[in-house]
Amino acid sequence: MSNHFTLDGVTVPFTTGQTIMDAALKAGIYIPHLCHNPEFTPHGSCRLCTVSVNGRNVAACTTPAADNMQVENETHELTTQRRLLLKLLFVEGNHACPACEKSGACQLQAVAYHCGMLAPEFIHFYPKRAVDASHKETLIDFNRCILCELCVRASLDVDKKNVFAISGRGIHSHLTINSPSGKLGDSDFTTSDKAARVCPVGAILPKHKGYNKPIGKRLYDQSSISQVGDVAQHQEAADE
Amino acid sequence: MMMENGVPKVELGMLHSEGLEPGSLLQRLIVLQQKHRFIPEQEITRLAHTCNVTEAQITGVIEFYSFLHTSPRGEYDILVSDNITDQMQGSHLLADLLSKGLGVALGTTRNDLRVSLDYTSCIGMGDQGPAALINGQTITRLTPSRIHQIVQLIEASTPLSQWPDAFFQVDAKALRSDLLLKSDFSPGAALSSCLEQGPTSIFNRLEQAGLRGCGGAGFSTAAKWRFCASAAGEQRVVVCNADEGEPGTFKDRFLLQSHADRLIEGMTLCAAAVGAGIGFIYLRGEYRYLLESLQTTLDKRRNEGLLGPAILGQEGFDFDISIHLGAGAYICGEESALIESLEGKRGIPRSRPPFPVSQGYLNYPTVVNNVETFCNAAMIIQQGVDWYRSIGTTTSPGSKLLSISGDCDRPGIYEFPFGTTISDILNQCGAHQTMAVQVGGAAGRLIAATEFHRTIAFEDIPTGGSFMVFNQSRELLRAIENFTQFFKHESCGFCTPCRVGSSLLVKQLNKVMVGHATTKDLEEMSILGSLMQKTSHCGLGQTAANPILDGLGKFPHLFQSRLRATRFEPAFDLDASLEEARQLTGRDDPDAHLEGGGV
């Protein structure tokens, strides 16, 4: 029992119970992902981390590593699939990067750059979604939510407040807030919550600040996300 | 509820009051929906305290299931079955008659709250349709005359209990019987065999017989029961998947109505073999009309000492079953989503591993099997391995129940040996000038006439039982459209490729239907379909594109004939336009060319 698997030909060690994603991250190998955050239970919803294991597609974040597994990650086919998945996300919501406060420090955008997405391809949904500005310090723009459920997991597991939930089915799935009005203002949410700092996109944003980092100095301006790491990693300190 | 290590321990005693397990949030919501015609806000608040979840989570559950609502439905809640075979029998015209007669637009509730009218996914009555659900009760064989009577009954506020019995008649006989249905069943025989000879003997016999799951996936039954028996866990659970939501499938409906005894025997046999103390029948909400008769069967077996404490006098062999209703969600037919639903949550499929046999209901080792699988298991133990292998093929021994509907003289339930050809089946059900058959439901395969020599078998064309026949007069694109819309409606929404892809396929196909599509749009559907097949989280997403992909592959002319132009023509040839640049830079490598226009 060697406790090793190969990832694009590179030997990667793992401990029993680690997922392919866990082991790859530990070894400094980047597998594109959006809904994964090592601080929370793996989710498996974005499907960006799809890798090929002995010829079969699986999500790296939820698949346990096993001895002598042959895993493929950076293949043309997988990168093309990732690009397509990103394109699906971009047309599902309303992602207007030029006007978004998160631009340059957004995980969706950064992964899209990494995977070579240049333009959308599919029919846009243009859904009618709301902005919730009821909270004094935090804004929620549902146009940008990618249903990664990081805020849901953080609020449940870390904050023990259960502020966020998912409602609806299928394409009507949407993020909801547990409060009498259904808006953030009268919920238990505070800016010191973990849930306030895990959103990888511009959906949960601090109010009263925007565009405070010049272009060129934003999180992903100089290097790819594969080197810089996730938004949530860098978001621990509240934005200034 | 007793807690052990933070996990609720289900007690035998709490299981079968009023046929609904009281602990589950979903079952409570179903009761409330029936009582109030929606879930009132005060009830949501009350449930939040009782079940220790937030109101947002409860609303999240309500909004997941088609049969639960946060705003009132009419006194008469009418849902018209909308499978393509229903449409072929004129269901839309009948729905329009209802709409006009009652003055209620489709998809709405009338202002006076007397009636709601909408379409719903296939309710499993393809052999006696067009059919509808009214307040959860099945009404079959709709005709303009019957519609007219229904309008009058509703306007007069006549209680459903006083409506003509004939409206609710659901026939339950098989048009072709074979090995399984021709054999007499001896209650307790299979059970006794297990108690005498032990679980290993049961596993061995099921393995030798070669029994595979009958719901469509075809996993080895012996292997599944073995895995569960040897998994670590304080208790084991047996679950019958009676969700039968695959469009055009109604063979479990027949078994539940006419052979429930065999099902319970099979479940109890499983319990004896794996060491389970509790069982569930997850009954799709559309089959609510069967609830009473199933309860009667359960009570009968309890009275005969074949269910409950000390079965067949064996001290320590305690096993009982409770029935959980579904609430209108096809995805809950997927075994891990079914378990989530049993636990009272949204029916989102789990990440696997672990599989249910290791960690299932409340994380206990759980066997989830189809209705027909349990019936077969009981009969195999009763009759013997050779009996089962006497028909079928080497790889697919035994028989398969098919539910046949669509363009044929005699739609209904047929039992055929595995290895029977499509042609044979078409002959026996009275199909004429058949253009295509959809085998295995919306998630199955579209079989063209050139393939009618092929067989129903795991090694050839596998199926859970749905068999829909289309003759030459039919517009096959309408069927493909119906199935594609079905998947959009039923997608759970968890993963990107299925949630977004299934909706995009509907948009793209609509472009084809209205004559605005080009070859580029056909390519996009292939690209989307392939993406969904390869990256979806569960079988729904992986098969949702099948109807379009099969259509493009086997009936391309159907699409081609509707295209706006025969080629998508960009303003210029992209690759040719780079020729000058290639010459100037002396490049001819792959990166200096544009294949397929790039991505």
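Values as computed for the structure displayed
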quantity	calculated
Furthest towards positive pole of dipole, B:LEU195, B:LEU98, B:LEU263, structure part the protein assembly as shown, Cβ charges	B:LEU98
Residues in the range A:31-67 that, when all protein chains are in place, have 20 Å² or more less accessible area than the chain alone would give (probe 1.4 Å)	A:HIS43, A:SER45, A:ARG47, A:ASN57, A:THR62, A:PRO64
Solvent-accessible area lost in complex, 40 Å² minimum, residues of the range B:487-509 relative to chain alone, 1.4 Å	B:PHE494, B:THR496, B:ARG499, B:VAL500, B:LEU504, B:LYS507
Nearby lysines by direct alpha-carbon distance to A:LYS213 (threshold 17 angstrom, same-chain neighbours under 8 apart not counted)	A:LYS102
A:THR191/B:GLU41 FRET efficiency (R0 22 Å; Cβ-Cβ; nearest 0.05)	0.15
Heavy atoms of A:THR190: accessible area, 1.4 Å probe, square angstrom to 10	50 Å²
About the Cα centre, charge dipole magnitude for the protein assembly as shown (Lys/Arg +1, Asp/Glu -1 at Cβ), debye	840 debye
Projected label distance in nm at B:ASP424 and A:THR16, using a 7 Å step from Cα toward the beta-carbon	5.1 nm
Estimated distance in nm for a label pair at B:ALA449 and B:THR70, the labels positioned 7 Å out from Cα along Cα-to-Cβ	5.2 nm
Sum of side-chain charges, B:MET532 neighbourhood, beta-carbon under 12 Å (Lys, Arg +1; Asp, Glu -1)	+4
Solvent accessible area, Å² - A:PHE14, 1.4 Å probe, full protein context	20 Å²
Theoretical ellipticity at 222 nm over chain A - DSSP helices of four or more residues, -39500 (n - 2.57) apiece, nearest 500	-5500 deg cm²/dmol
Nearest-0.05 FRET efficiency for B:LEU312 and B:THR200, computed from C-beta distance (R0 22 Å)	0.70
Percent accessible area from carbon and sulfur atoms, chain B, protein chains only, probe 1.4 Å	49 percent
Alpha carbon centroid spacing (whole Å) that separates the range B:79-96 from the range A:1-71	47 Å
A:LYS183, B:LYS173, A:LYS128, B:LYS534, reordered so the largest accessible area comes first (probe 1.4 Å)	A:LYS128, B:LYS173, A:LYS183, B:LYS534
The range A:10-128, accessible surface, carbon-and-sulfur percent (1.4 angstrom probe)	56 percent
Charge tally in the Cβ shell below 10 Å around A:PHE40, where Lys, Arg are +1 and Asp, Glu are -1, A:PHE40 excluded	-1
Exposure ranking of B:LEU79, B:LEU505 by accessible area [1.4 Å probe, largest first]	B:LEU79, B:LEU505
Buried on assembly, the range B:43-60 (at least 10 Å² less accessible surface than by itself, 1.4 Å probe)	B:THR54, B:GLU55, B:ALA56, B:GLN57, B:GLY60
The protein assembly as shown - share of DSSP beta bridges that are antiparallel (%, nearest 5)	60 percent
Point-charge dipole on Cβ atoms (K/R +1, D/E -1) for the range B:368-450, about Cα centre, debye to 20	140 debye
Solvent-accessible area per residue for the protein assembly as shown (1.4 angstrom probe, square angstrom)	40 Å²
Protein accessible surface hidden between B and A, which excludes ligands and nucleic acids, total in Å², probe 1.4 Å	3400 Å²
Surrounding net charge for B:LEU263, when Lys and Arg each add one and Asp and Glu each subtract one, Cβ distance under 10 Å	-3
Cα-centre dipole for chain B with unit charges at Cβ (Lys and Arg positive, Asp and Glu negative), debye to 20	460 debye
Spin-label proximity, B:ALA172 to the range B:106-150 - amide N less than 14 Å from point 7 Å beyond Cα toward beta carbon	B:138
Cβ neighbours within 10 Å from other chains - mean over A:122-128	3
Isolated Cys residues of chain A, judged by Cβ distance under 4.7 Å to other cysteines	A:CYS49, A:CYS61, A:CYS97, A:CYS100, A:CYS106, A:CYS115, A:CYS145, A:CYS151, A:CYS199
Gyration tensor verdict on the range A:1-44 (Cα atoms; rounded if a/c is under 1.5, prolate if a/b is larger than b/c, oblate otherwise)	oblate
Residues B:SER526 and B:THR158, FRET efficiency given R0 of 56 Å [Cβ-Cβ distance, rounded to 0.05]	0.60
Positive-end residue, chain B charge dipole about Cα centroid, Cβ charges, pick of B:PHE470, B:GLY406, B:TYR76	B:TYR76
Beta bridges by DSSP in chain B, antiparallel share as percent, to the nearest 5	50 percent
Shielding by partners, peptide A:148-159 (average Cβ within 10 angstrom, other chains)	1
Among B:MET379, B:LEU342, B:HIS324 the positive-end extreme of the charge dipole of the range B:296-409 (Cβ point charges)	B:LEU342
Order of exposure, largest accessible area first, which applies to B:ASP386, B:ASP407 with probe 1.4 Å	B:ASP386, B:ASP407
Extension reserve of the A:ALA96-A:LYS207 stretch, reckoned as 0.36 nm per residue once the Cα distance is removed	38.1 nm
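The values are calculated or read from the model by the stated rules, or taken from the named source; none is laboratory data. As the structure is a prediction and not an experimental result, all values here were calculated from the model. Cβ sites come from the backbone with ideal geometry, for glycine too, and all protein chains shown count toward neighbours. Heavy atoms of the whole protein, side chains included, go into the accessibility calculation; ligands, DNA and RNA do not. Shrake-Rupley method; radii C 1.70, N 1.55, O 1.52, S 1.80 Å.
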